[in-house]
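Q: Below are the structure tokens for one structure; questions will follow.
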Amino acid sequence: MEFVPTYVVSVTIENKPGISDPEGMTILNDLVLRNHSAPVSEIKTAKMLKFKVIKDSKGEAEDMVRQICDELRIYNPLVSVISVDVTQV
């Protein structure tokens with residue numbers, strides 16, 4: 001029996017530069033109100049999805065998850081950007 005590795009593919013979805021992030025601004029404003037903001041000038045929020053997949057290679061796992069994200073329109077490419085990280089379990 002051939003061993004096929006399992007990978008965890010993490011997809012982070014963030015707003016593109018220049019797109020407003022109301023949630024991040026709310027968190028930053030709360031810090032300012034509490035006087036804890038001296039070293040903090042910006043906060044950005046993101047959504048992370050984790051897929052556990054069984055594929056022959058790291059590249060195949062990444063390609064499959066990117067295709068899923070595109071086909072299911074998990075993110076809006078006009079306003080969002082994704083980053084993908086793959087680790088073998």
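The values are calculated or read from the model by the stated rules, or taken from the named source; none is laboratory data. Remember, it's a predicted structure, so these values are computed and weren't measured experimentally. All Cβ positions, even for glycine, are placed from backbone atoms using ideal geometry, and neighbour counts span all protein chains on display. Heavy atoms of the whole protein, side chains included, go into the accessibility calculation; ligands, DNA and RNA do not. Shrake-Rupley method; radii C 1.70, N 1.55, O 1.52, S 1.80 Å.
Q: Given the options Leu33, Ile43, Pro77, identify the residue whose Cα lies farthest towards the positive end of the charge dipole of the chain (+1 on Cβ of Lys, Arg; -1 on Cβ of Asp, Glu).
A: Checked the options; the winner is Leu33.
Q: Okay, moving on. Given points 7 Å out from each Cα along the Cα-Cβ axis, report the Val89 to Thr6 separation in nanometres with one decimal.
A: 0.3
Q: Next question, about the same structure. For Ser80, list long-range residues whose amide hydrogen, built 1.01 Å from N in the peptide plane, is under 5 Å from its own amide hydrogen.
A: HN-HN under 5 Å from Ser80: Lys16.
Q: Lys pairs in the chain, Cα-Cα under 23 Å, at least 8 apart or on separate chains: how many? Write down the numbers at each step before the final one.
A: Values: Lys16/Lys44; Lys16/Lys47; Lys16/Lys50; Lys47/Lys58; Lys50/Lys58.
Lysine pairs satisfying the spacing and distance rule in the chain number 5.
Q: Could you please state, rounded to a whole Å, how far the C-alpha centre of region 1-21 is from the C-alpha centre of region 43-89?
A: Region 1-21 and region 43-89 have Cα centres spaced 3 Å from each other.
Q: Then there is this: Per DSSP H run of at least 4 residues, take -39500 (n - 2.57); add these up for the chain, divide by its residues and hand me the 222 nm value, nearest 500 deg cm²/dmol.
A: Details: 2 runs with 26 residues, N = 89.
Calculated at 222 nm, the ellipticity per residue is -9500 deg cm²/dmol.
Q: I would also like to ask the following. Share of region 12-55's accessible area from carbon and sulfur, percent, 1.4 Å? Provide the component values of the computation, followed by the final result.
A: Details: 1910 of 3500 Å².
Answer for region 12-55: carbon and sulfur cover 55 percent of the accessible area.
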